[in-house]
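Colleague: Sharing a structure, written as structure tokens. Questions coming.
The values are calculated or read from the model by the stated rules, or taken from the named source; none is laboratory data. Keep in mind the model is a prediction, meaning the values are calculated, not measured. Cβ placement follows ideal geometry from the backbone for every residue including glycine, while neighbour counts extend to all protein chains displayed.
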Amino acid sequence: GENVEQHPSTLSVQEGDSAVIKCTYSDSASNYFPWYKQELGKGPQLIIDIRSNVGEKKDQRIAVTLNKTAKHFSLHITETQPEDSAVYFCAARSRNAGNMLTFGGGTRLMVKP
Amino acid sequence: GAVVSQHPSWVICKSGTSVKIECRSLDFQATTMFWYRQFPKQSLMLMATSNEGSKATYEQGVEKDKFLINHASLTLSTLTVTSAHPEDSSFYICSARGRGRETQYFGPGTRLLVL
């Protein structure tokens, strides 16, 4: 089945700096890659997603890039703010896995003011 | 984005009792709903998937008689933790997806504490 690895597990940046979180997946049939942000005590919230026919997608300070050949995708947050502090999860959806999402292990991002 | 609600947001119960958690999609029809369990500082663990009007499909290792899932309508799914024990204490999160759609939207979660 699909396996998604996420790095780093924790990331600390200074306010205003950029943060990059990387994920790799194993199933070449995966075609949809969402990113979720989870604040303490809350459910995950979708922040951006990308489909396999697109290499990059941007939404204000957040961008996601996808390299299908290498089977990895990354989340980029620019001009980080303290409210960006949360746990971020990447996921991959594969037809071979019944169109289920397989999640990475999560990255705890801390933005220091 | 679409809105998914969960009720209750937290519950404390005595060991041996049953607890029901409701998950509702507020502004779309959720043909598929998912139930996850999350331990502190860990990722989401899929427990089961349910399609409206069908029996839930449970992941390996999840007891179907322990965690009863009902998806009776396109906007409501329930998870009942039967005869709860302290080891069932966890954060339970539902997620919903519309027909033919890829995006899954999550509820706010329910924190269960079994004494």
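Colleague: Out of the stretch B:12-42, which residues are farther than 10 Å from B:Ala96 by Cβ and either surrounded by 18 or more Cβ atoms within 10 Å (Cβ to Cβ) or under 12 Å from the mean Cα position of the chain (by Cα) (or both)?
Modeller: Residues satisfying the conditions are B:Val19, B:Lys20, B:Ile21, B:Glu22, B:Trp35, B:Tyr36, B:Arg37, B:Gln38.
Colleague: Here's a follow-up. Just wondering, is there one or more residues in the stretch B:29-51 that are touching a residue at least 24 places away in the same chain (Cβ under 8 Å), of a type in the set (S, T, N, Q), within 12 Å of chain A (Cβ to nearest Cβ) and closer than 21 Å to A:Glu39 by Cβ?
Modeller: Yes, the stretch B:29-51 contains a residue that is touching a residue at least 24 places away in the same chain (Cβ under 8 Å), of a type in the set (S, T, N, Q), within 12 Å of chain A (Cβ to nearest Cβ) and closer than 21 Å to A:Glu39 by Cβ.
Colleague: Can you name the condition, by its number, that A:Thr69 falls short on among (1) crowded, with 17+ Cβ neighbours inside 10 Å; (2) more than 14 Å from every other protein chain (Cβ to nearest Cβ); (3) of a type in the set (Val, Ile, Thr)?
Modeller: Status for A:Thr69: all satisfied but (1).
Colleague: Now for a different question. Out of A:Ala86, A:Ala19, A:Ala63, A:Ala97, which single residue is at pLDDT below 95 and among the hydrophobic types (A, V, I, L, M, F, W, C)?
Modeller: Answer to the check: A:Ala97.
Colleague: To continue, here is another question. Tell me, which residue of the stretch A:28-66 that is within 11 Å of chain B (Cβ to nearest Cβ) and among the basic types (Lys, Arg) is farthest from B:Trp10 (Cα to Cα)?
Modeller: Within the stretch A:28-66, the match that is farthest from B:Trp10 (Cα to Cα) is A:Arg51.
Colleague: Pull out all pairs, ordered by first then second residue, where Cβ-Cβ is under 7 Å, the residues are six or more apart or on different chains, the first lies in the stretch B:98-115 and is within 7 Å of chain A (Cβ to nearest Cβ) and under 17 Å from A:Trp35 (Cβ atoms), and the second is surrounded by fewer than 21 Cβ atoms within 10 Å (Cβ to Cβ) and aromatic (Phe, Trp, Tyr).
Modeller: B:Glu102/A:Tyr32
Colleague: Oh, and also: For the stretch B:53-93, how many residues are under 13 Å from B:Thr31 (Cα atoms) and either in contact (Cβ under 8 Å) with a residue 40 or more places away in the chain or outside any strand (DSSP E or B) (or both)?
Modeller: Going through the stretch B:53-93 one residue at a time, the tally reaches 8.
Colleague: Across the stretch A:78-94, what is the number of residues that are farther than 19 Å from A:Thr24 by Cβ and either part of a strand (DSSP E or B) or within 11 Å of chain B (Cβ to nearest Cβ) (or both)?
Modeller: Counting residues in the stretch A:78-94 that are farther than 19 Å from A:Thr24 by Cβ and either part of a strand (DSSP E or B) or within 11 Å of chain B (Cβ to nearest Cβ) (or both) gives 1.
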